[in-house]
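To start, the structure under review is shown below, and the notes come after it.
The values are calculated or read from the model by the stated rules, or taken from the named source; none is laboratory data. All values derive from a computational prediction rather than experimental measurement. So basically every Cβ, Gly included, is an ideal-geometry build from the backbone, and we count neighbours across all protein chains shown. SASA here: full protein model, heavy atoms, side chains in, ligands and nucleic acids out. Shrake-Rupley method; radii C 1.70, N 1.55, O 1.52, S 1.80 Å.
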Amino acid sequence: ALATGFILAFMFQVAHVVGEVYWPEVNKETGKIAVGWAAGQAATSANFAPGHWGWTHFSGGLNHQIEQHLFPGVCHVHYPRIAPIVKRTCEEFGVPYVCYPTFIEAVRAHFRHMRLAGHAMPAVPKLGDA
């Protein structure tokens, strides 16, 4: 159980706690963020090992975190085919689409972000800074 929890935690960390994703700022007056639901789901998540059969099945599609957030009712085996469409749509509308080629690259990005966050708050991408 410990090993499974550790692996699962890392899959969530590399999908959300990396410097390249959008970190929304809350409007202090309204309590809202200035991004719609779908753009927010895509911009605040990152994929890793896209299309890698082993990672897709081992993680239940969590390596396609963006597609999983946008289409939670779709079986994860379809995420690799959906991903290029989602990526093109994000590019068309200026929404960041962060994707690491491997799990190791995603882990490196996570630790890079954690190191920077430990020293000073890093500059975070704003929506539209793709």
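Before moving on, here are some points about what is shown:
- Fraction of alpha-carbon pairs over 17 Å apart in the range 36-79 - percent: 26
- Put the Cα centre of the range 8-71 next to the Cα centre of the range 80-106 and the gap is 10 Å.
- Dipole-positive endmost among 2, 40, 58 within the chain (Cβ charges, Cα centre): 2
- For residue 99, the residues whose modelled amide H falls within less than 5 Å of its own, excluding neighbours fewer than 5 places apart on the same chain, are 47.
- Two-site FRET efficiency, residue 29 against residue 108, from Cβ-Cβ distance with R₀ of 41 Å, rounded to 0.05: 0.60
- Taking the Kirkwood radius as Rh and the Cα radius of gyration as Rg, the range 9-53 has a ratio of Rg/Rh equal to 1.08.
- The fraction of accessible area contributed by carbon and sulfur in the chain is 65 percent, rounded to a whole number (1.4 Å probe; ligands and nucleic acids excluded).
- Under the Debye formula (equal points on every Cα, no solvent term), log10 I(q)/I(0) of the chain at q = 0.10, 0.20 Å⁻¹: -0.32, -1.19
- For the range 10-24, 3J(HN,Hα) per residue [Karplus equation, 6.51 cos²θ - 1.76 cosθ + 1.60, θ = phi - 60°, Hz, x = Gly/Pro]: 5, 4, 6, 4, 6, 8, 9, 10, 9, x, 7, 7, 6, 10, x
- Remark on residue 33: its backbone amide H falls under 5 Å from those of 27, a criterion applied only to residues 5 or more positions apart or on other chains, H modelled at 1.01 Å from N.
- Relative contact order (percent, whole number), the chain, Cα cutoff 8 Å, 6+ residue spacing: 34
- Rolling a 1.4 Å probe over the protein heavy atoms gives the chain an accessible area of 60 Å² per residue.
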